[in-house]
Amino acid sequence: MKRQLLSGPYLIWMGLFTVIPLVIVLYYAFTDSLTGSFTLKNIASLGTYLPIFLRSVWLSLLSALICLVVGYPVAWTIAQAKPGHQRFFYLLVMLPMCISFLLRTLAWVSLLEDTGIINRLLGSIGIGPLKLMRNNGAVILGMVYNYLPYMIMPLYTVIMKIDPRLIEAAQDLGCDSAQVFRKVTLPLSLPGIVSGLTMVFVPAVSTFYISQKLGGTGSTLIGDVIESQFKAAYNPNLGAALSLALMVLVLICVAVMNRFTGDDESVATL
């Protein structure tokens, strides 16, 4: 009985800020904006935005993979450092997150715009100006910069838990560094990889501010479309349908990623 009472605040919180908003989204997604009657018109309109959905998924997955390539060596280096150095390096990873997300993105605008710092430096040596903004590359750069800590943190946590005796045993059995990584370190760090990919992909696929500031007309993401439906076009019913489709898409992608960690416990016990 006491445990049920202790779970009460959590259940109330989930009901107020998860269940009720979801019900509201469902209501708007399946009702007409004028009459309020039930309709599938909003759901049927989703096919029009399929290219934007695919672009959002592609750019988000690419950003997540780049974060993995960059973040794994960083997480490994931090995990192998001395305890005092680990705290310092971890602080460096977390430090950018103490700055406003908007300010961090605007800082890249100042760096990449046609009259920005980078183009001025290139112009001083006779190069440029280069088109560093208003393209998919700039959007990916903004995603990687803003969400890279979300990749490093779970990787670091998992790598720290790897028993060093397993690595020593693999080395004693004749494995070189590449074989130790491929057969021991990588399988045991798979939960951190999947967790990091999920933590980067989910906010990246729904972002809108990065694409608005760093991207162009060809870099519109589904988050931009949803925001425009609630602000510029003011069609909350279509916006709710798009939000519902995005939520389903995220859940499917997360479920697919989690299938790769189904045997984590059996791997960890080997």
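Could you put L155, L46, L5 in order, starting from the residue whose Cβ has the fewest other Cβ atoms within 10 Å?
Numbers: L155 26, L46 16, L5 8.
In increasing order of surrounding Cβ atoms, one gets L5, L46, L155.
Sequence gap at least 6, Cα distance under 8 Å: using those rules, report the relative contact order of segment 46-268 to the nearest whole percent. Don't skip to the end; give the middle numbers.
Values: 245 pairs, mean separation 60.2, N = 223.
Contact order relative to length: 27 percent.
Tell me which residues come under 5 Å, amide H to amide H, from T31 once H is placed; ignore anything under 5 positions away on its chain.
The answer is T39.
Any chance you could list P(r) for segment 1-69, counting all Cα-Cα pairs in 10 angstrom bins from zero, rounded to whole %?
Answer for segment 1-69: a P(r) of 16, 21, 25, 25, 12, 0 percent.
Which whole number in µm²/s is D for the chain by Stokes-Einstein, with the Kirkwood Rh taken over Cα pairs at 4 °C and 1.567 mPa s? Please report the intermediate quantities before stating the final value.
Details: Rh = 21.6 Å.
This corresponds to a translational diffusion coefficient of 60 µm²/s.
Among L91, L173, L40, determine the one that fluctuates most according to a GNM of the chain built with springs between C-alpha atoms less than 10 Å apart.
L173
Using a Gaussian network model of the chain whose springs link C-alpha atoms within less than 10 Å, name the residue from V250, V57, V180 with the highest mean-square fluctuation.
Evaluated over the chain, the most mobile residue of the options is V180.
Decide, for segment 1-131, between rounded, prolate and oblate: order the square roots of the alpha carbon gyration tensor eigenvalues as a ≥ b ≥ c, take rounded if a/c falls under 1.5, and otherwise choose prolate if a/b is larger than b/c, else oblate.
Values: a/c = 2.67, a/b = 1.30, b/c = 2.05.
It comes out oblate by the Cα gyration axes.
Excluding residues on the same chain fewer than 8 positions from K183, give the lysines whose Cα lies under 29 Å from its Cα.
K82, K161
Not counting the cut sites, what is the longest span of the chain without trypsin sites (Lys or Arg not before Pro) that DSSP labels loop and that have at most 14 other Cβ atoms within 10 Å? List each step's numbers first, then the result.
On the way: sites that count: K131, K161, K231.
Excluding the exposed sites themselves, the longest stretch runs over 1-130.
List the lysines whose Cα sits under 18 Å from the Cα of K213, skipping any in the same chain fewer than 8 residues away.
Partners within reach: K131, K231.
Taking only C-alpha pairs under 8 Å that are 6+ residues apart, what is the relative contact order of segment 147-270 in percent? Walk me through the intermediate numbers first.
Working: 95 pairs, mean separation 31.8, N = 124.
Relative contact order comes out at 26 percent.
With θ taken as phi - 60° and the coefficients 6.51, -1.76 and 1.60, list the Karplus ³J(HN,Hα) couplings across segment 232-239 in order, rounded to whole Hz; mark glycine and proline as x.
Calculated HN-Hα couplings, in order: 5, 6, 6, 10, x, 5, 5, x Hz.
Between segment 1-77 and segment 125-140, what is the separation of their alpha carbon centroids in Å?
The distance from the Cα centre of segment 1-77 to that of segment 125-140 comes to 32 Å.
In what sequence do C67, C253 fall when counting other Cβ within 10 Å, fewest first?
Going from least to most buried by this count: C253, C67.
On full extension of the chain, what length is gained from L11 through I24, given 0.36 nm per residue of separation minus the C-alpha to C-alpha distance?
On the way: separation 13, 0.36 × 13 = 4.68 nm, distance 1.82 nm.
Contour length minus the Cα-Cα distance gives 2.9 nm.
Every number in this text was worked out from the coordinates using simple rules, so none of it is lab data. Model, not experiment: these values are computed from the prediction. Positions of Cβ are backbone-derived with ideal geometry, glycine not excepted, and every protein chain shown enters the neighbour counts.
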